[in-house]
Ligand SMILES: Nc1ncnc2c1ncn2[C@@H]1O[C@H](COP(=O)(O)OP(=O)(O)OP(=O)(O)O)[C@@H](O)[C@H]1O
Ligand SMILES: [Mg+2]
């Protein structure tokens, strides 16, 4: 066997030694690798062990003849589609040629061989085999690349989810500390001030006035602490559920911004994982902030729907619209953050609305089978 740049092998099956050698010489001189078999049985053993680009099969052989050999090859998985060229004597008649095609031949070559014709035919099959092998390799490469991509997407998703939950946990911890430490310190301060104020004489009016303004300052600081803590950890979500928390946030937004909010909420909060409702709530907060900061809108339509298998939150404003360039850029951290938040749940965010159409954002979160 001679090895060439092509990995294709050609199987020559002929009981006649002279015929075999002549073919071997001819094909090797053309740069092909050949394997020789002197009977149908030996040929069948060869095709079990390796693949061939083409099989040159003598029709007339003692024992297993060419037709029987070809038929058996066709029944086997490995050699099912290997091209077979029958080598026949000129004395063969037409009906035996048909038998050959039925047995799985792709072509016939009549002896005595014309070397150029044989070389040409064989080279076509070798070429086909090489191309097929290259294609198979390419498909395998692509499959591997695809698998790697899927894997890294999964990792990214898991990482995004982990990042969000770490952020929420950290926010909750800081909220607790602010609430407990600062809240208690401020309450202590207020009690001390009460003690001092109680001991002021009636003629110490300026001091009493100062104490009063200190009370006001402490009270507003307590309010701020509460606000900061609840921004870090949306307690309303835990207390009221997602739908009510959205309603509460919308009312609060309306009061602060003066922008009208039309609300359509499901009568009951959907059953979501805690991470999911936090994600939707945070996205909603970001959407409202964006409307206040960028839209110059006077009205917002908010709709939350629960359909079988999916929760959608739609926020649509009547403002200046959102530029397509703002949607896809990595600089839009708010929008990117929203996309990251839905990623772990396989959700999506769709943003539409050209100039003067207002902006419309649809957040979809797939729900587990209910
Ligand atoms: N409702 C809206 N109407 C009009 N433009 C909007 C609206 N929402 C977002 N945009 C545009 O999309 C851009 C990206 O929004 P994104 O929330 O990502 O960033 P940002 O609000 O500018 O900054 P931040 O990172 O603080 O959120 C905004 O700068 C704004 O130009
Ligand atoms: Mg923003």
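The values are calculated or read from the model by the stated rules, or taken from the named source; none is laboratory data. For clarity, every value in this text was computed on a predicted model and none was experimentally measured. Neighbour counts run over all protein chains shown; Cβ positions are idealised from the backbone, glycine included.
For segment 197-208, the set of residues classified as assigned to a helix (DSSP H, G or I) and either surrounded by 12 or more Cβ atoms within 10 Å (Cβ to Cβ) or modelled with pLDDT of 95 or more (or both) consists of 197, 207, 208, listed by residue number. Annotation: of all residues in segment 309-329 being more than 14 Å from ligand 2 (Cβ to nearest atom) and either out of contact with any strand residue (DSSP E or B) (no Cβ under 8 Å at 6 or more places or on another chain) or in a loop (DSSP other than H, G, I, E, B) (or both), the one that is nearest to residue 346 (Cα to Cα) is 309. Restricting attention to segment 351-370 and to residues that are within 16 Å of ligand 2 (Cβ to nearest atom) and assigned to a loop (DSSP other than H, G, I, E, B), the residue that is farthest from residue 291 (Cα to Cα) turns out to be 353. Taking (1) exposed (fewer than 13 other Cβ atoms within 10 Å of the Cβ); (2) closer than 26 Å to residue 165 by Cα; (3) under 29 Å from the mean Cα position of the chain (by Cα) in turn, residue 313 satisfies each apart from (1).
Quick check, is residue 305 away from ligand 1 (no atom under 16 Å from the Cβ) and either under 21 Å from residue 360 (Cα atoms) or in contact with a strand residue (DSSP E or B) (Cβ under 9 Å, 6 or more places away or on another chain) (or both)? Yes, satisfied.
Here is the figure for segment 330-344: residues that are modelled with pLDDT of 85 or more, away from ligand 2 (no atom under 12 Å from the Cβ) and either in contact with a strand residue (DSSP E or B) (Cβ under 9 Å, 6 or more places away or on another chain) or over 14 Å from residue 364 (Cα atoms) (or both) total 3.
Quick check: is even one residue across segment 226-238 surrounded by 18 or more Cβ atoms within 10 Å (Cβ to Cβ), within 16 Å of ligand 2 (Cβ to nearest atom) and in a loop (DSSP other than H, G, I, E, B)? No; the residues of segment 226-238 include none that is surrounded by 18 or more Cβ atoms within 10 Å (Cβ to Cβ), within 16 Å of ligand 2 (Cβ to nearest atom) and in a loop (DSSP other than H, G, I, E, B). Report yes if residue 116 is under 30 Å from residue 24 (Cβ atoms) and modelled with pLDDT under 85, otherwise no. For residue 116, the condition - under 30 Å from residue 24 (Cβ atoms) and modelled with pLDDT under 85 - is not met. Annotation: of all residues in segment 41-69 being under 46 Å from the mean Cα position of the chain (by Cα) and in a helix (DSSP H, G or I), the one that is farthest from residue 97 (Cα to Cα) is 49. Report whether or not residue 6 is at pLDDT below 95, in contact with a helix residue (DSSP H, G or I) (Cβ under 6 Å, 6 or more places away or on another chain) and part of a loop (DSSP other than H, G, I, E, B). Yes: the conditions hold for residue 6.
Tell me yes or no: at least one residue of segment 256-275 is assigned to a helix (DSSP H, G or I) and within 16 Å of ligand 2 (Cβ to nearest atom). Taking every residue of segment 256-275 in turn, at least one turns out to be assigned to a helix (DSSP H, G or I) and within 16 Å of ligand 2 (Cβ to nearest atom). All of 291, 306 fail the test of being surrounded by 14 or more Cβ atoms within 10 Å (Cβ to Cβ), assigned to a helix (DSSP H, G or I) and at pLDDT 90 or above, apart from 291.
Checking residue 43 against (1) at pLDDT 95 or above; (2) touching a helix residue (DSSP H, G or I) at 6+ places or on another chain (Cβ under 6 Å); (3) closer than 12 Å to residue 104 by Cα, which test does it fail? Against the list (1) at pLDDT 95 or above; (2) touching a helix residue (DSSP H, G or I) at 6+ places or on another chain (Cβ under 6 Å); (3) closer than 12 Å to residue 104 by Cα, residue 43 comes up short only on (3). Screening residue 74 on (1) closer than 26 Å to residue 26 by Cβ; (2) part of a helix (DSSP H, G or I); (3) modelled with pLDDT under 95 shows it passes everything except condition (1). For the residues 292, 297, the requirement of being touching a helix residue (DSSP H, G or I) at 6+ places or on another chain (Cβ under 6 Å), touching a residue at least 60 places away in the same chain (Cβ under 8 Å) and under 20 Å from residue 252 (Cβ atoms) singles out 297.
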